[in-house]
Amino acid sequence: MPSAPEPAPYRPEPAITAISDWLGAPVDAADFPNVQTRFRNQRWAAAVGLDHLTEEQWAQHFGRFAPLPDNLPQPLALKYHGHQFRVYNPEIGDGRGFLFAQMRDGAGRLLDLGTKGSGQTPYSRAGDGRLTLKGGVREILATEMLEALGVDTSKTFSIIETGEELWRNDEPSPTRSAVMVRLSHGHIRIGTFQRLVALEEREQMEALVDYCLQHFPGPPPPEDAPGRDEPSVRLLHQIVERLADLAASWMVAGFVHGVLNTDNMNISGESFDYGPWRWLPAWDPGFTAAYFDQQGLYAFGRQPEALHWNCAQLAVALRLLADSDPLIAALNRFGPLYMEAVARRWCWRLGVKQRDAEADAALVAACEKTLRETKAQPDAFFHAHRGGRNAEGELSEALSQYSPVESDHDYWRESEPQSMLIDEVETLWSAIDERDDWQPLNDKIEAIRRMGDAHGPAPRPAGHADENSD
């Protein structure tokens, strides 16, 4: 949610130990030559009771990875397979990260602290297990902007510079190194299930389904859904609902994730693992974020298709436990749920009250037509027409039927909205890279959070208010 979460006491709960014997491998963090805290997400630290840590304690826990009290005694590198650009790969897993700790937040959700750039693991293959500082800065920007735009996203919790020089083909090298800690609602992926079906480990699959249903609860399937009482069927219904909403949230945000492999799909429905992301400079379904996505498989307009395809791969894996028909019935809900989520989120971002499915679909179509014809940058479009203002032609006709959502936040009176186009990202990084000046980044984070406060919480589907509480 965009507004600051409620502070809560530290409530450690390493629930993963129930399945950790086969889910991952204990590993040690890299011994970095230096640890210097560069980013500390104090509002989310407060949400899990870790805001009281001193600077030295913070660096020891999130740079040296000294265990948190009553938590995992040793980091756990998770095992999984996955389709990477739709080619199955059994040789993956946490190659430069691990699960470090688990705790409850004030809403009762089980949250993970996981890493990126924390060193080599048994699954690193030829990788060095490291993260560039620029990669860490980009992760801050992606997660802060997505959170402000109502996307269910991981939170960048900590960035610590580690004093190494890294060589990368896609950055000027040598470049500075960092280790990142992310706060996520779980790290169980579709690829986690794919590994178990590939190994024909039925008992472990049943245990994983039970773990997910217990710690990532959601509403029951529709009353008429076949097999609705079977645990694996119930889980697939929940994941289809979450990923349909996630796809819609990216589209309404004008965001392109870039790499939608099944090992990048969190079954909690939370967006995470940001590599070559972009925000749209103009409304273009064919826009791609990754230079290596030559076929446009994960282009902006194909993101819903990609998430639906990934859900289908999960259904294939769950065939180890359930018949095809009830799983297919769950998959068939993706399209209608996605359209409902687009309408719900579109009206929210536009600052108007929803009407009915037909009217809302017509409004979205009129807006998309205007975006294509005017080549407006999406952030500027939503800001300019907030509450139905400044519309002309067909768009004016569509918007005239909608009531504005009242808001007295002065953000909506500003002439320009916050955005996150690649030129600004590079400018923010240049200030750090060339002058070690972190103030522009800090100012941007503050401005983004203010935008999030202006938007308020994104609307949730009916029946999902308590989904994340146990």
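The values are calculated or read from the model by the stated rules, or taken from the named source; none is laboratory data. For clarity, every value in this text was computed on a predicted model and none was experimentally measured. Cβ coordinates were reconstructed from backbone atoms using ideal geometry, including for glycine residues, and neighbour counts include every protein chain displayed.
Go through segment 127-158 residue by residue and tally those that are acidic (Asp, Glu), touching a Leu at 6+ places or on another chain (Cβ under 9 Å) and assigned to a helix (DSSP H, G or I). Matching residues across segment 127-158 total 1. Of the residues in segment 168-176, none is within 28 Å of Asp70 (Cβ to Cβ) and touching a residue at least 40 places away in the same chain (Cβ under 8 Å).
Please determine, by comparing only the residues of segment 369-402 that are touching a residue at least 60 places away in the same chain (Cβ under 8 Å) and either part of a loop (DSSP other than H, G, I, E, B) or over 29 Å from the mean Cα position of the chain (by Cα) (or both), which one is farthest from Met451 (Cα to Cα). In this case the residue turns out to be Lys375.
Only a single criterion out of (1) within 22 Å of the chain's Cα centre (by Cα); (2) in a strand (DSSP E or B); (3) among the hydroxyl-bearing types (Ser, Thr, Tyr) is not satisfied by Ser118, namely (2). Within segment 172-216, if we keep just the residues that are in contact with a helix residue (DSSP H, G or I) (Cβ under 6 Å, 6 or more places away or on another chain) and of a type in the set (D, E, K, R), the residue that is surrounded by the most Cβ atoms within 10 Å (Cβ to Cβ) turns out to be Arg189. Criterion applied to Asp273, Asp293, Asp325, Asp356 was being closer than 27 Å to Ala198 by Cα and loosely packed, with under 15 Cβ neighbours inside 10 Å, and the one residue passing it is Asp325. Going by the conditions given, is Glu56 out of contact with any Pro (no Cβ under 7 Å at 6 or more places or on another chain) and free of Cβ contacts under 8 Å to residues at least 40 places away in the same chain? Considered against the rule, which asks whether it is out of contact with any Pro (no Cβ under 7 Å at 6 or more places or on another chain) and free of Cβ contacts under 8 Å to residues at least 40 places away in the same chain, Glu56 comes out as yes.
Being touching a helix residue (DSSP H, G or I) at 6+ places or on another chain (Cβ under 7 Å), buried (at least 16 other Cβ atoms within 10 Å of the Cβ) and in contact (Cβ under 8 Å) with a residue 12 or more places away in the chain is a condition met by no residue of segment 463-470.
Just one of the listed residues (Asp31, Asp21) is modelled with pLDDT of 95 or more, surrounded by fewer than 14 Cβ atoms within 10 Å (Cβ to Cβ), out of contact with any Gly (no Cβ under 7 Å at 6 or more places or on another chain) and under 24 Å from Glu139 (Cβ atoms), namely Asp31. Scan segment 369-396 for residues that are surrounded by fewer than 14 Cβ atoms within 10 Å (Cβ to Cβ) and within 25 Å of Glu340 (Cβ to Cβ) and jot them down. Result: Arg372, single match. Do we find a residue being under 30 Å from Asp170 (Cα atoms), touching a residue at least 24 places away in the same chain (Cβ under 8 Å), touching a Phe, Trp or Tyr at 6+ places or on another chain (Cβ under 6 Å) and not charged (D, E, K, R) anywhere in segment 403-420? Yes, some residue in segment 403-420 is under 30 Å from Asp170 (Cα atoms), touching a residue at least 24 places away in the same chain (Cβ under 8 Å), touching a Phe, Trp or Tyr at 6+ places or on another chain (Cβ under 6 Å) and not charged (D, E, K, R). Within segment 186-217, the only residue that satisfies the criterion of being within 16 Å of Arg242 (Cβ to Cβ) and without any contact (Cβ under 8 Å) to a residue 40 or more places away in the chain is Leu213.
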